[in-house]
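Below: one structure, written as structure tokens.
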Amino acid sequence: MPIFICEDDPRQREQLLEIVENYVMIEALDMRVELATADPFELVACLADNPGHVGIYLLDIDLNSELNGIELAAKIREFDDLGKIIFVTTHAELAPVTFRYKVEAYDYIVKSSHEELRQQIIACLKSIDEHKAVSAEAKGQFVFKSGSKTRVVNHQDILFFETMPTPHVIGLHTHQAFYQFYGRLKEINQAIPSLVRVHKSVLANLETVVAVDAERYLLEFSDGQTCPVAISKLRKIQKMWQAQQG
């Protein structure tokens, strides 16, 4: 889950970045800082270039820019209607204004001591991590438990699922990472009907396939990963993939 920070004060921006990155690393959360900037227009441009993600936004209100934090939040809602917007500011008196803009802020943190700020941000991130499954599914994302953590992967980032040697353990391959979790391919296919059973032990996302190797009975992906195709299904899978290529 991407995290965006917009704070014009360099020292305070670094402070927010440190708090977030340390907590995400310690708790092994499925979150990452995508952007930390002083420029609200850079954040808007980033969202425009990468649509379809549900993010977390830590925004100052007074950004010393043509766009203040509340107006930035309204812009964010044009791209991300399920994202979590958290205002982090010294302007406690502006809290009621955020309601008039109908940006549905997740929280409003008034800057105080470093420790109080850290505790409030951690409380927000912890709460978001615990309750993100419903909003993720609404955005075309796959939600699963890996160890003690709830993780979210965009459907378009999925390469393939495969059964692992350990009973009832599934491996999920994406461009960014590899995960293992308890599950069944049949249930995953019911949750994501667009996936194709290309082998008795593999569910593949044909939209992310770049080539079908008919000699080695493999599907190839852009990052070099491959998965097997059953001999009996090769011709059918090849036709389905070619049809998707237009």
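The values are calculated or read from the model by the stated rules, or taken from the named source; none is laboratory data. In this text the structure is predicted, and so the values were computed from the model without any measurement. Virtual Cβ from ideal backbone geometry, glycine too; neighbours counted across all protein chains shown. Accessible surface areas use protein heavy atoms only, side chains included; no ligands, DNA or RNA. Shrake-Rupley method; radii C 1.70, N 1.55, O 1.52, S 1.80 Å.
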> Can you tell me the Rg and the Dmax, both Å, for the Cα atoms in region 1-91?
Replying inline: 12.3, 37
> Tell me, what is the FRET efficiency for LEU82 and MET164 to the nearest 0.05, using R0 = 41 angstrom and their Cβ-Cβ distance as r?
Replying inline: 0.80
> Separation between the VAL143 and ILE192 pseudo-spin-labels, each 7 Å from Cα along Cα→Cβ, expressed in nm?
Replying inline: 1.6 nm
> Lysine pairs, Cα distance under 17 Å, 8 or more residues apart or cross-chain: how many in region 1-131?
Replying inline: 4
> So which aspartates and glutamates can LYS186 reach, going by Cα to Cα under 15 Å and dropping same-chain residues fewer than 8 places off?
Replying inline: GLU162
> Using a 1.4 Å probe on the protein chains only, how many percent of the accessible area of region 115-246 belongs to carbon and sulfur?
Replying inline: 49 percent
>> Given the C-alpha atoms of region 134-246, compute the convex hull and give its volume per residue in Å³.
In response: 109 Å³
>> Per 0.36 nm of contour for each residue apart, how much would the distance between SER112 and LEU17 grow if the chain were fully extended, relative to their Cα-Cα spacing?
In response: 32.6 nm
> Tell me, what is the per residue accessible area of region 112-246 in Å², probe radius 1.4 Å?
Replying inline: 55 Å²
>> If N is the number of residues in the chain, what value comes out of its Cα radius of gyration divided by 2.2 N^0.38 Å?
In response: 1.19
> When each pair of different Cα atoms in region 174-215 is counted once in the 1/r mean, what is the Kirkwood radius in angstroms, to one decimal?
Replying inline: 11.9 Å
